[in-house]
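Working notes for the structure below.
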Amino acid sequence: MAFIETLSAKPEWKRHLWLISLTFPTTPLLGIGLALATGNPHWVWLPVLMFYVLVPALDYFVGNDKYDLLGLIQDEVRSSQFYKFMVHAMLPAIYLTWIGGAWFFTKQAWPWDIYLALGLSHGWGLAFAINAGHETGHKTDKVSKWFALLMLLPSFYGHFRIEHNMGHHSDVATPRDHATSRFGESYYHFMGREYPGAWKRSWNIECKRAERKGYSRFSLKNEVVLSTVMALAVWGAMIAIFGLGVLAYMLLAWFVSATALTSQNYIAHYGLLRARRADGKFLPCEPHHSWNCNLLVTNLTSFNLARHSDHHANPSRHYQYLRQFQEVPALPYGYMLMFLIGYVPPLFRKVMNPLVLKNVDGDMSKVLTDEYVRQWEADQKAANFTNSKAQYVSI
């Protein structure tokens, strides 16, 4: 503890903690390296155990970031390029790990569990890539935009930048948002809404932009079209290099990475609801519309993503400046353990439902439920019908 207190007092030391985050997307290579060095392919399970066992254990023993080791440092100007480099440096690490996994996967015939371990571990490697693309995608400069797109291609998630920035951040904690889970909703039901909803919303956003600017919705200026074409090209290159057999590896890693993002969305806003104004419009997003987590290890491995309250209240704020709030809904455990709990719906409801009710003092009218969504949709239809009828009469 004395060491941590000393570290927190030295800004130039604090920022170097973020170098640890660069190791996480490459962790699957550790398993491959040990498998090659020892001749025992089962070492490829080591990264899976690290993600699902070691990280939750470290969350428990290390605890909260009470000294704000991962927060704002004093010399912002001198350090800004370092923090930007930290995220951009993930790009070669992402592709090195993904390609290394493809090589090992197709190197020879393996027992079935080795293929499974590779898909799981490299899928989580791509999940960290999505997170890096998320952080970079929030920046407005063209260089960051391209870094974000390239980071998202292996997961076939290039549409995420548009969907997340212009969709989720606008609609979060409302019935309009497919990426906000409802009270009592299982992870698996949520998955069926969230993933196709992301494609649909990003496509609609880009089509409206194309119509507004006067170009075809199928143009490469449409970022959904562009990212899809680029992803197909990258996946095609992998198949050309490693053979058709590598497709199984890429599909499994894609599935794990996509469901990892779904897991994060599932726990980040579960049951939370923004209040409405007198005219029916929702109030702006505030810190208490996200479930927050201040555990040091979770945030160190996610570019402070778990400080989700500040992220949604201030989406343009860089990860190293995200603040911890005291009076906001807080997750009881770190992200990885919450993901595992989410896979068991009765257990997740047992853990989270009392916290949701406590957050609103038992007032279910302040909770996002299926019933609330149905009523809101009925109100919207009634309002649209009234408006259409009024326009018809005026004509």
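Summary of computed values
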read-out	value
Reach of Lys84 by Cα under 13 Å, taken over aspartates and glutamates that are not fewer than 8 positions away in the same chain	Glu76, Glu135, Asp141
Candidates Ala210, Ala306, Ala173: whichever shows maximal mean-square fluctuation once the chain is modelled as a Gaussian network with Cα springs under 10 Å	Ala210
Share of carbon and sulfur in the accessible heavy-atom surface of the chain [1.4 Å probe, %]	64
Expected 222 nm ellipticity per residue - DSSP helices of 4 or more, -39500 (n - 2.57), all of the chain, to 500	-18500 deg cm²/dmol
For Asn292, distant residues with modelled amide H under 5 Å away	Ala330, Leu331
Rough spin-label spacing in nm, given labels placed 7 Å along Cα→Cβ, for Lys381 and Ile239	4.2
Sorted largest first, extent of the stretch 297-386 alpha carbons per principal axis (Å)	50, 35, 25
Positive-end residue, the chain charge dipole about Cα centroid, Cβ charges, pick of Leu331, Pro41, Trp376	Trp376
Aspartates and glutamates with Cα under 14 Å of Lys107, excluding same-chain neighbours fewer than 8 positions away	none
The chain: Cα Rg divided by the 2.2 N^0.38 Å rule of thumb	1.03
Using distinct alpha-carbon pairs, which all enter the 1/r mean, Kirkwood radius of the stretch 218-296 in Å	16.7
Amide H contacts of Gln324 (H built 1.01 Å from N, under 5 Å, at least 5 apart or other chain)	none
Highest to lowest packing among 157-165, 313-321, 278-286, scored as the average C-beta count within 10 Å	157-165, 313-321, 278-286
Per residue, the convex hull volume that the Cα atoms of the stretch 244-395 enclose (Å³)	201
Using alpha-carbon coordinates, inclination of helix 76-88 to the longest axis of the chain, degrees	80
Selection from Val256, Pro25, Gly158, by position along the positive dipole direction of the chain (Cβ)	Gly158
Unsatisfied cross-links (Cα-Cα over 30 Å) in the set Lys14/Lys145; Lys139/Lys281; Lys66/Lys358; Lys208/Lys366; Lys66/Lys281; Lys221/Lys281	Lys208/Lys366; Lys66/Lys281; Lys221/Lys281
Solvent exposure of the stretch 184-282 as accessible area per residue, Å², 1.4 Å probe	47
Helix 345-359 vs. the chain, principal-axis angle (Cα, 0 to 90°, nearest 10)	50
Surface/4 of the Cα convex hull for the stretch 14-142, nm²	9.6
Acute angle (nearest 10 degrees) that the helix 90-105 long axis makes with the longest principal axis of the chain, alpha-carbon atoms	60
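The values are calculated or read from the model by the stated rules, or taken from the named source; none is laboratory data. What you are looking at is a predicted structure, and each value in this text was computed from that prediction instead of being measured. Cβ sites come from the backbone with ideal geometry, for glycine too, and all protein chains shown count toward neighbours. Areas reflect the complete protein model, heavy atoms only, side chains present, ligands, DNA and RNA absent. Shrake-Rupley method; radii C 1.70, N 1.55, O 1.52, S 1.80 Å.
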